[in-house]
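Step one of this worksheet: look at the structure below.
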Number of protein chains: 2
Amino acid sequence: MKVANFYPGPSRVYSNITEYIYEAYMDGIMSVNHRSEDFMNLMELTKKELREKLQIPADYEIAFISSATENWEIIAQSLTQKASQHFYNGAFGEKWASYAGKLTSTINTHFGINEELPTGDIAKKADVLCVTQNETSNATQVSMKSLKMLREENVGKIIAVDVTSSLGGVKLDFTLADVWYASVQKCLGLPAGMGVMILSPFAVQTAEKIGERDHYNSLLNILENTRKNQTQYTPNVLGIYLLYKTQQATKGIDYIESKLEKRMEEYVSFVDAQDQINYLITNEKVRSRTVLALETSRMEELKSGAKEQSIILGNGYGPWKSSTFRVANFPAIKNKEVEKLMEFLRSFTGVSAR
Amino acid sequence: MKVANFYPGPSRVYSNITEYIYEAYMDGIMSVNHRSEDFMNLMELTKKELREKLQIPADYEIAFISSATENWEIIAQSLTQKASQHFYNGAFGEKWASYAGKLTSTINTHFGINEELPTGDIAKKADVLCVTQNETSNATQVSMKSLKMLREENVGKIIAVDVTSSLGGVKLDFTLADVWYASVQKCLGLPAGMGVMILSPFAVQTAEKIGERDHYNSLLNILENTRKNQTQYTPNVLGIYLLYKTQQATKGIDYIESKLEKRMEEYVSFVDAQDQINYLITNEKVRSRTVLALETSRMEELKSGAKEQSIILGNGYGPWKSSTFRVANFPAIKNKEVEKLMEFLRSFTGVSAR
């Protein structure tokens, strides 16, 4: 892969993926029956590896589904009794609210891109609170501190958190919420086509209390299957295998987080050192650690320059489409690719290397 | 892959899969954004290739979903107004009825494993008729002749057909039904993790008339996306690419069907030539062409013998679990693997080679 891909959607996959896939073929993993002993062993190992490397509490359940979009539906369908309250400042949080709104009553709480999560503003009626921890559209994040406040002030409510662009890149305190969900094509560095769901004991109890069993992806069906190390549908077995192999190869979330933080520092000192490119998010505290949204008035020039160097930058999203570009700070991206991007940005802005 | 895998679930994948995957990695396909021009081109080419190779009518829509299980839900949710009538003689048809029964009113019509589809037995109330064209659990099939009778006698009703274990292996007359669905891990020879849906103009009109838009996988949402060469969720892009490459490499359904028929003839002459192994299905007319269910009184011996030769046979399913074994007759299985199996079966039964 000669191109350096910084797109914060599906992005760079781990470079040993093709090697693992060859192994999967030779070992017959690609053809394995998802109700067989071999698959159940793989599923058990994969969940064990995720639990260890991402520091997921022992009493939290892990399940695989088809996408983060499917998660929106599962939460509305199997965990919401009265209403879900959605806090958002960007496109993905808003989409979640809109999908949920078709199945259940919703309360929408919009906040500014430089503001912290408005944790005081909770509707009495809401039994599920929905937070986009990392909003990929504008590169903001909700801090663990804000989540902690939300948690402490809302005992008895389900807290559901979208970590699509942060799971596997940022250290999350899973005890602070009940439903965490993500896709594998971002910080987990895999080809798209699978979602991950992480559930607290309270989420499980709530699903049991509600007892919704009408759908193939009813949460109780998902839980019964994952507890047997199976899935509620014929899963992306290769995706599960690749998740196992890539997680097995990582040094764990502490190491990854510090690696990504070092890269962020490099980006920050670059942005500080010149005045051609600026952060969209001026409040440092709410800036995403895994996605950067940057403004420049020389956008066309920047994009064509990057393309010439075989560097893929993300476009801006929604209202920030033409004024910003985005850069993924995902673990699978290589040091030499970051160096290549930095070199390009330095030469573009006329800043000499440190 | 040294093992010869005849399991009729996820089964042998095409042997050029790893090569295509390497290409996908080098070309950046694994990291491609599913809303990008590159992806839309891939999706267009994939549908074009499927249409050509499987002889799908020009006015039928093709869409990708996560699994055949998801299809059950989509049909009940977006296409059924009053009731769906389910014709089945085995486990998968029965499961479909049971999943649909949670979302809509259902009428269950059971028929014997040696009987043809009871096309005369139609409930007035039913607006969707559900047929399992190839029942993987007992290796029966519904003929195109039966489907034609069903079609002609039921103008105005939606006919939905499960072709999970036959799409890509058997020539289907798509004009005889409105919804056809399958998974990629059977006759399409790919790693599991994707479903295909093929829809007639009448199915599209019916979905539009019903107007169900509450779910992320509402049929109207699926259709709107596939018409733009996109998908309703972040799809298994690698799966779509592999479907494109493998279909591009095939010689089309006429060639494949005749190849599989030749293999069937070989199996038939073997079964006729000895009395240790018999067909579960005695009525030739309803025997599946892509899955064999065979009985033997020496089951344990057969299974351990096959295992010693690195041959994976399918277990029996449901009521036929201990009395039968199953053999996939899928296109990706190689001639030399079929020869290996035949040699083993001949030596097991004491029948000398022709």
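Every read-out reported here was derived from the displayed coordinates using simple, explicitly stated rules and does not represent laboratory data. Predicted model only: the values in this text are computed from it and were never measured. Please note: Cβ atoms are built from the backbone with ideal geometry, for glycine as well, and neighbour counts cover all protein chains shown.
Summary table below
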item: Computed [θ] at 222 nm, deg cm²/dmol, chain B (DSSP H ≥ 4; -39,500 (n - 2.57); rounded to nearest 500); result: -12000 deg cm²/dmol
item: Residue of chain B nearest the B-to-A rotation axis [by Cβ], rounded angstrom distance; result: B:SER66, 2
item: Number of partner chain Cβ atoms within 10 Å, mean per residue of B:277-289; result: 0
item: Separation of the B:GLU116 and B:GLU265 label points, Cα + 7 Å toward Cβ, nm; result: 2.4 nm
item: Greater than 22 Å apart at Cα, pairs in A:LYS307/A:LYS336; A:LYS47/A:LYS171; B:LYS48/B:LYS262; B:LYS47/B:LYS157; B:LYS307/B:LYS336; B:LYS148/B:LYS171; result: B:LYS48/B:LYS262; B:LYS47/B:LYS157
item: Cβ-Cβ FRET estimate between B:GLU295 and B:LYS82, R0 fixed at 56 Å, reported to 0.05; result: 0.85
item: DSSP bridge orientation in the protein assembly as shown - percent antiparallel, rounded to nearest 5; result: 50 percent
item: At R0 = 56 Å, FRET efficiency that the Cβ-Cβ distance of A:LYS2 and A:LYS125 yields, to 0.05; result: 0.55
item: Surrounding net charge for B:LEU238, when Lys and Arg each add one and Asp and Glu each subtract one, Cβ distance under 12 Å; result: -1
item: Other protein chain Cβ atoms within 10 Å, averaged over every residue that makes up A:15-26; result: 4
item: Label point 7 Å beyond Cα along the C-beta direction, distances from A:ASP214 to other copies (nm, shortest first); result: 0.6
item: Residues A:LYS145 and B:GLU153, FRET efficiency given R0 of 60 Å [Cβ-Cβ distance, rounded to 0.05]; result: 0.35
item: When each of A:LYS102/B:LYS53; A:LYS209/B:LYS124; B:LYS53/B:LYS340 is checked by Cα-Cα distance, pairs over 31 Å; result: A:LYS102/B:LYS53; A:LYS209/B:LYS124
item: Residue mean of other protein chain beta carbons inside 10 Å, A:211-224; result: 2
item: Whichever aspartates and glutamates have a C-alpha closer than 14 Å to that of B:LYS251, once near sequence neighbours (fewer than 8 apart) are set aside; result: B:GLU49, B:GLU52
item: Exam field: B:ASN278 pseudo-label spacings to other copies (7 Å along Cα-Cβ), nanometres; result: 8.5
item: Nm distances between copies for A:ASP59, ranked from closest, using label points 7 Å along Cα→Cβ; result: 6.1
item: Long-range HN-HN contacts of A:ARG287 with modeled amide H, under 5 Å; result: A:GLN141
item: Shape of chain B, Cα gyration tensor, a/c cut at 1.5; result: oblate
item: Span from the the stretch A:38-117 Cα centroid across to the the stretch B:146-162 one, whole angstrom; result: 40 Å
